[in-house]
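Comments concern the structure below.
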Amino acid sequence: MKILGVDEAGRGPVIGPMVMAGVMLNEKDLHLIKGSKDSKLLTHEKRIELDKKIKKNARYKVLVISPEIIDNAILSEELNLNWLEAHKQAEIINYLQPDKAIIDCPSININSYKNYLQNLIKNKNIKLIVEHKADFNHLICSAASILAKVERENQMDKIKQKYGNCGPGYPSNKTTQEFTKKNWEKYPEIFRKTWSTFKRIKNSKNQTKLLKFSEEKD
């Protein structure tokens, strides 16, 4: 039986893409990715090591989802971030064609999410398992979380090389906060403009501009 695990990395950052990864192996070959854990529990060096091991032994697909795609989904009437994830998960499932797919569910409503995802899958014979903490509970999902995290880190390295040190991209990080304040208008392509962090800084700067313009007129 071919088992697929799907997970994402970078759902919450204000800077950079979200990455979705799928890893597929025959059930009898799961020992080939032994050592895989939820990527958050591993060091950067261990993730790199396991990323190579997983890619060598399993079929996989990695999708890089840009800030623009994320913003468009959130601003649309048809999608939100959860539904966007479902569409990307379905893209991976439809591409790899497993017998069973295990999904780490981003929604609090598992049944609703599972039904939505099921409708996007072309092969209705694929057994779908949707649960919370799948990346922690299933080795195959742990492997997917590693591929997603390593690719997210690679994408952030490219951004840092091109635009400067933006930190990890998460709103709670001080370096990311300072970078966003200085560069939100300069490098719009790397920011998620629907994030409250970005909108707050943009509104604050625009208010300052208006106040300055008003004072100049007076």
Going through (1) out of contact with any strand residue (DSSP E or B) (no Cβ under 9 Å at 6 or more places or on another chain); (2) touching a residue at least 24 places away in the same chain (Cβ under 8 Å); (3) part of a helix (DSSP H, G or I) one by one, PRO13 fails only at (3)
Select the helices (runs of 4 or more DSSP H) contained entirely in the stretch 89-186, then report the ones holding at least 1 residues which are more than 30 Å from LEU32 (Cα to Cα) and modelled with pLDDT of 95 or more.
110-120, 139-163, 174-183
What are the residues in the stretch 187-207 that are aromatic (Phe, Trp, Tyr) and either modelled with pLDDT under 90 or not in a helix (DSSP H, G or I) (or both), if any?
TYR187, PHE191, TRP195
One residue is enough: does the stretch 103-120 have a residue meeting the conditions acidic (Asp, Glu) and within 15 Å of the chain's Cα centre (by Cα)?
yes
Do we have any residue at all in the stretch 142-164 that's of a type in the set (D, E, K, R), touching a residue at least 12 places away in the same chain (Cβ under 8 Å) and more than 17 Å from VAL19 (Cα to Cα)?
no
Taking the stretch 70-86, which residues are under 16 Å from the mean Cα position of the chain (by Cα) and either in contact (Cβ under 8 Å) with a residue 60 or more places away in the chain or surrounded by fewer than 16 Cβ atoms within 10 Å (Cβ to Cβ) (or both)?
ILE70, ASP71, ASN72, ILE74, ASN80, LEU81, GLU85
With the first residue restricted to the stretch 127-138 and required to be touching a residue at least 60 places away in the same chain (Cβ under 8 Å), and the second required to be not in a helix (DSSP H, G or I), Cβ contacts under 6 Å at 6 or more apart or on different chains are ALA134/ILE102; ALA134/ASP104; ASP135/ASP7; ASP135/ASP38; ASP135/ASP104; PHE136/ASP38; HIS138/GLY5; HIS138/ILE102
Restricting attention to the stretch 115-136, report how many residues are surrounded by 14 or more Cβ atoms within 10 Å (Cβ to Cβ) and either among the polar types (S, T, N, Q) or in contact with a helix residue (DSSP H, G or I) (Cβ under 8 Å, 6 or more places away or on another chain) (or both).
12
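The values are calculated or read from the model by the stated rules, or taken from the named source; none is laboratory data. All values reported here derive from a predicted model rather than from experimental measurement. Every residue, glycine as well, gets a Cβ built from its backbone with ideal geometry; the counts of neighbours run over all protein chains shown.
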